[in-house]
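Quick one: this structure, given as structure tokens, is what I'll be asking you about.
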Amino acid sequence: MIAKLKPTTHQRVYDLVGETGMDVSDWANYKRPDAPATNPKYCYEWAFRDDDRVVVCLWFEEMREDSDGIHQLLDYRERPILQPDLGATHKKRCWSMDRAFRTAYKGNLLVRVIIVDGPKDDKGDRSVKNRSLDAEPWHIARYDEETGTCRLQRGSNPVETANDDTYDDLGFDPELIGSDAAERIRTTSSGVKRDPAVRRAVIKRSRLTCESPGCGAKRDYQGFLDVHHILGVEKSDRTWTCVALCPNCHREAHASPESEAINLRLLEFANRFSPKA
């Protein structure tokens with residue numbers, strides 16, 4: 001079945017993004033308004049977002065199929081860290097992809113996928129030969145907040161939830177939703193083992209104060225500070241790659257549009273405590 005997804009025509013990104021229903025009027029807002037499809041601000045991007053949808057470009061060659069269906073396993077947040085020789089533009093697009101996946105996961109949004117196919121050169125770089133829009137929507141089946149790794153699954157999300165919980169906008173009685181006696185369910189999960197000694201050492205070093213430069217939030221009760229693994233826990237669980245952060249700064253490090261710059265500053269701070277410093 002996966003072979004049927006391989007694109008056989010070369011369509012423009014502009015046309016495919018517009019086909020999803022996303023507003024592409026701003027593409028004409030540059031020096032060639034008569035040729036919006038060539039706007040470099042958009043036409044070379046890999047991910048597109050608006051309030052209620054996400055569109056991403058994925059390589060056909062990286063798609064896989066198992067008992068759960070067609071999917072891709074993606075790690076765009078880690079790529080700039082694991083491949084420091086990537087150019088600035090490439091890194092920016094990686095972070096944009098990660099933000100798109102997180103937006104879709106948090107908002108329970110369907111993802112429209114532009115499937116791209118083309119040959120590799122001697123260096124392993126691909127060039128686009130064909131491009132088309134998958135008629136079937138995809139969804140984020142799994143997303144790791146710590147590392148950004150996710151599984152993008154073809155098909156609609158079997159678990160649908162409301163994206164907007166403001167009563168005025170929903171237009172129905174809030175007493176009719178939810179429960180006072182929720183059913184307990186059994187789940188299984190997996191995670192990455194952390195060394196508890198690292199957490200204790202980082203918290204002790206912080207003196208119960210957020211280590212994000214310029215914050216300084218402090219509480220005297222246990223559990224206020226989180227230990228943030230700057231490179232991802234699978235990459236490095238060391239005191240010199242971890243920082244103690246208040247809840248607000250921890251969310252900023254993961255979710256802010258400026259998270260890349262934030263983490264670079266945090267890594268510079270943490271590296272001061274390296275034995276080799």
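Could you say which residue among Glu65, Glu61 is in the same structural domain as Ala141 (by TED's automatic domain parsing), surrounded by fewer than 18 Cβ atoms within 10 Å (Cβ to Cβ), touching a residue at least 24 places away in the same chain (Cβ under 8 Å) and in a helix (DSSP H, G or I)?
Working: Glu65 fails: in a helix (DSSP H, G or I).
Every option except Glu61 fails the conditions.
Quick one: in region 110-137, which of the residues that are at pLDDT below 90 and either outside any loop (DSSP other than H, G, I, E, B) or touching a helix residue (DSSP H, G or I) at 6+ places or on another chain (Cβ under 7 Å) (or both) is nearest to Arg12 (Cα to Cα)?
The qualifying residue nearest to Arg12 (Cα to Cα) is Arg126.
Now, a different point. Which residue pairs have Cβ atoms under 6 Å apart, sit 6 or more places apart or on different chains, and have a first residue in region 74-97 that is in the same structural domain as Arg49 (by TED's automatic domain parsing) and a second that is part of a helix (DSSP H, G or I) and modelled with pLDDT of 85 or more?
From region 74-97, the pairs are Tyr76/Cys94; Tyr76/Met97; Tyr76/Asp98; Arg77/Asp98; Arg79/Cys94; Pro80/Lys91; Pro80/Cys94; Trp95/Glu260.
Considering only region 179-213, state which residues are modelled with pLDDT of 70 or more, among the polar types (S, T, N, Q) and within 25 Å of the chain's Cα centre (by Cα).
Correct list: Ser212 only.
Got a sec? Which of Val17, Val24 is closer than 17 Å to Leu133 by Cβ, buried (at least 18 other Cβ atoms within 10 Å of the Cβ) and in contact with a strand residue (DSSP E or B) (Cβ under 8 Å, 6 or more places away or on another chain)? Full working, then the answer.
Details: Val24 fails: in contact with a strand residue (DSSP E or B) (Cβ under 8 Å, 6 or more places away or on another chain).
Criteria check complete, one pass: Val17.
Suppose we filter region 236-277 for residues that are in contact with a helix residue (DSSP H, G or I) (Cβ under 7 Å, 6 or more places away or on another chain) and of a type in the set (Lys, Arg); how many remain?
1
The values are calculated or read from the model by the stated rules, or taken from the named source; none is laboratory data. Nothing here was measured: the structure is a model prediction, and the numbers come from that model. Positions of Cβ are generated from backbone atoms using ideal geometry, with glycine treated the same way; all protein chains shown enter the neighbour counts.
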